[in-house]
1. Please work out whether region 200-333 counts as rounded, prolate or oblate from its C-alpha gyration tensor, where a ≥ b ≥ c are the square roots of the eigenvalues and a/c under 1.5 means rounded, while otherwise a/b larger than b/c means prolate and anything else oblate?
2. Once you list every other residue whose beta carbon is under 10 Å from the beta carbon of Glu233, what net charge do they have if Lys and Arg are +1 and Asp and Glu are -1?
3. Average projected area of the Cα convex hull of region 260-356, in nm²?
4. Once phi is turned into ³J(HN,Hα) by the Karplus curve 6.51 cos²θ - 1.76 cosθ + 1.60 with θ = phi - 60°, what whole-Hz value does each residue of region 670-676 show in order, with x for glycine and proline?
5. Considering amide H positions built from the backbone, and no H for Pro or chain starts, which residues 5 or more places from Asp491, or on another chain, come under 5 Å of its amide H?
6. Give the lysines reachable from Lys609 as a straight Cα distance under 20 Å; neighbours fewer than 8 places away on the same chain don't count.
7. Provide the packing ranking of 585-591, 864-870, 779-785, i.e. peptides ordered by the mean count of other C-beta atoms within 10 Å per residue, highest first.
8. Please compute one quarter of the surface area of the Cα convex hull for region 301-442 and express it in square nanometres.
Amino acid sequence: MKLSRPPSLRTALVSVLVMAGVAGAAGTPAGTVITNRASALFGTPNPQDLQETASNTISTVVQAVCSVSVTPDGTVAQPGQRATLLPGERAVFPYTVVNTGNTPGTFPVQGVVDAASTLTPAIRVVLDTNGNGLPDSTEPEVSSVTLAADARAGVLLVVDTTRSAGAGNAYVNVTASCADGSATDTNNVSAVQVGPPPALGVTKTFTPALVRPGTETTVTVTARNGGQGTSREVLLTDLLAAQTAQGLTFVAGSARTTVGTLEYTADGTAWSAAEPATVRGVRVRLPALAPDATATLTFRMLAGAAAENHVIPNTATAETGGERASGSASADVRYLPGVAIGPVGAPQAPEGTAADAQRVPFAVAGQPVCFDHTLLNTGDVRDDFTVTVTYPQGTATPTLLDAAGKPLALPVSLEPGQSTLVRVCHAAQAGTLDALVTVAGARGTSNTTHDLVGVVESGLPELRKSAAATTVDEGGQTVAVPEGGSVATGDTVTYTLVVRNPYAHALTGAVVRDPVPAHVTAVSAAAGGVITGQPGAQSATWTLGTLAPGETRTLTLVTTVSPRAVDGEGLKNVFTLTTTELVTPVPSNETVTPVWSAQLRVVKAVSAKEATYGDRLTYTLTITNQSVTTAIMQAAVTDTPARGLDYVPGTSTLDGQPLVDPVLSGGTLRWTLPELPAGRPVVIAYQTRVTPEASGDLVNAVVVSGTGAGGIARAVASNRATATIKLSPLLFAPLADIVGVVYVDRNRDGRFDPAIDTPVPRARILLAGGRQALTDPLGRYSFLNVAHGTHALRLDPHTTPYPPLQLTSDGGLSGTRSVPVRGLTSVDFPLAPLGGDISVLRHTTLLVGDVTIEKTVTQLPGGYAVTLRVTTPRALDGVDLDDPLPPGAVLQDGRNTVTGTLIAGEHTFTYRFLWAGAPGAATTDPVMSWRY
């Protein structure tokens, strides 16, 4: 059998083995053993007959090979990487180091500056561990890298230029080699071109730099490249937050720039081309600034009220490529206040000069000497000014007035350039006077001026005024009215005015004025007097001019009393003197002339023309003040009864109303009436009793006098009236006596039963005609010597707490009784108990000196009634009466204490209280004290 294929197969196999061996040796780590063996197939063409036979084995060991590569490649002529910088900037070139050998190794790497460089920048190699191509702070600077076979590492060549080095070229290289120095890769040159540096400068201004509050200032910020190279991107920034906080705020829409793009910030961090509502920063962004080129930013700022009196600094910055420049300026926000005061029309006269002072040669002590000044606001802001006066020489009291002569309201508020008149009046003491007038503004400005008086004289001019009146008597003769006497309509009153200058200096511009009393009419004014005005509103004026030292002038004014005069008034007259030196009018003494024409009319009547002993007589006084205009005040009515006529207390009335008893003194009765009205009569009535001392005709005289209500104190002409009654001692008529008892009718049978009923002491019984009687402790009373006939009696209800029983047939109360009287007539007054079966528990009488205190306690259903009766012959002051309740009792009504003053007479007090205790313990003792 012929084997034809194996050779070709073997050749193929061998060829394959040789190719495989070469490939494995190039990428196989060092030390790797490579084996190879050949085999052959023998047999027939039938595949089942094939047999394999193998050759011997050949072994090969791979040797260690060190190789390293750095990319990208480059030469000085053809650098692999390029960077263009400005001085001070940095370039970063990325490189890749590859272990191209077949064994791990540590490969030294270094950065090299080629000798062809004109600059020598600082360089370093950084291992780019995160592969981002940037030298991060966490990445180390390396001088070698360790790599497995076929492994690679990224490194960064960091090139830092300096500003001081200037322009030039630098060729930098990263080299790597095997540890033994073989297989070095050095063709990895990169080029750095450093151009000439830019030099930014910033200037800033406020226009105006002195800003008034409420106005705007323009901010100008300019950046200029003063270097030889074009800058990188420039940010020209002005932050405004600090200025806004001090009241200097950005004016919306005011920002402008010559180049670049405007940007704004509301918080100092985020910037946008859109202007926010509140701008706290503005800047210009421009891509570059060529040498000698500028960029200018302008905007306006408003000075608010809060910015006043602040110097507000501001700094703007320009940044490019790590370079930063700044410029600063300040806005002085304030007003320029100013003030001046001086003589009228010359407020800005130089302070301290003669032009800034006013002088007068003479003034009067105590009289104001006045100087007018102009006060001017010389500043640029409204200000409040206060004027004060001090006295470097002399003593005075200043008064500040405005142009209208009214008190100057301080402070004085003035707008810029506005002025006002200030009048300063000095009321000086004797001597010389130097007054320093100072005006001070609320904003800290001030100015002064001087008022000077050569001499201040003491004392006032001598002014004397007198009045003399004449009247026409019934015979038609003109007679003088006595001094202090009253005048009537048509009488003449002559006023005499005497003026004397007591000073050693003349008084200039002297004027005397006499405002004529309204109720006289001026007839003539001697010595050049001029009368002006209508009657009732007239004035007399004398223009005297200059009064020489010691000179005296006498002036007279003749008047007549007008029908306008009112009874009781006083015609008052004062004249005044003014001069240039006496600004305040100096008054004369006042003259007062009383006026009264009308008289009092008094009519006196008596109730009977004849009387006998024991009779009561009622006198009626009708008093009329015949003046139609004026009341008489505190009228004194004095009545002198004839001997034997005794006043009956409690019978006085005024126009039918009770009147306080008259004061009894020396046999006269005196009433004081607060007022006798004009034109209306008043009527006083009172009673007297005829006593055995009476004899002959009983003549009773009354005198009335008073004071007019016209405002002056003087006596008014009085009037007198008399009444006469004939005493008839033998005029006897049949007489009777009335007796009776006042009692509490406990069984309500209308009859007094001493065993059951309770007498009521101190009850008052009134008999028609004016007589009265008080019951004794047994409740008894009597009226003696009563004429026969029907008489009316009445129980005074104010003297007992018990109501009368209703016993009369006509349904009336037994408190009023009309009975026929003849001989001895008995009239009792039964009173109803207060409640059901009432009994008197206790009746107590306490005597303290001449004061009597009586207490009656009566039992009521469920409580008790108490009556306290105090009798005193004189008024008591500081009274303190306390009638204590039994312990646990409750006051129901009335009062058990009395304080204050008790007038002379009898006083009754009642009260009731509730108490559930034993009746025997219901009574207590009153305690009373008063002040002597």
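1. It comes out prolate by the Cα gyration axes.
2. Numbers: positive: Arg232, Arg285; negative: Glu319.
That works out to +1.
3. Details: hull surface 47.0 nm².
Over all viewing directions, region 260-356 projects a mean Cα-hull area of 11.7 nm².
4. 10, 9, 10, 9, x, 7, 10
5. So Asp491 has HN proximity to Val561.
6. Within reach: Lys726.
7. Per-residue Cβ counts within 10 Å, averaged per peptide and sorted highest first, yield 864-870, 779-785, 585-591.
8. Numbers: hull surface 49.0 nm².
For region 301-442, averaging the hull's shadow over all directions gives 12.3 nm².
Every read-out reported here was derived from the displayed coordinates using simple, explicitly stated rules and does not represent laboratory data. Quantities reported herein were computed from a predicted structural model and do not represent experimental measurements. No Cβ is skipped: glycine too gets one built from the backbone with ideal geometry, and neighbour counts run over all protein chains shown.
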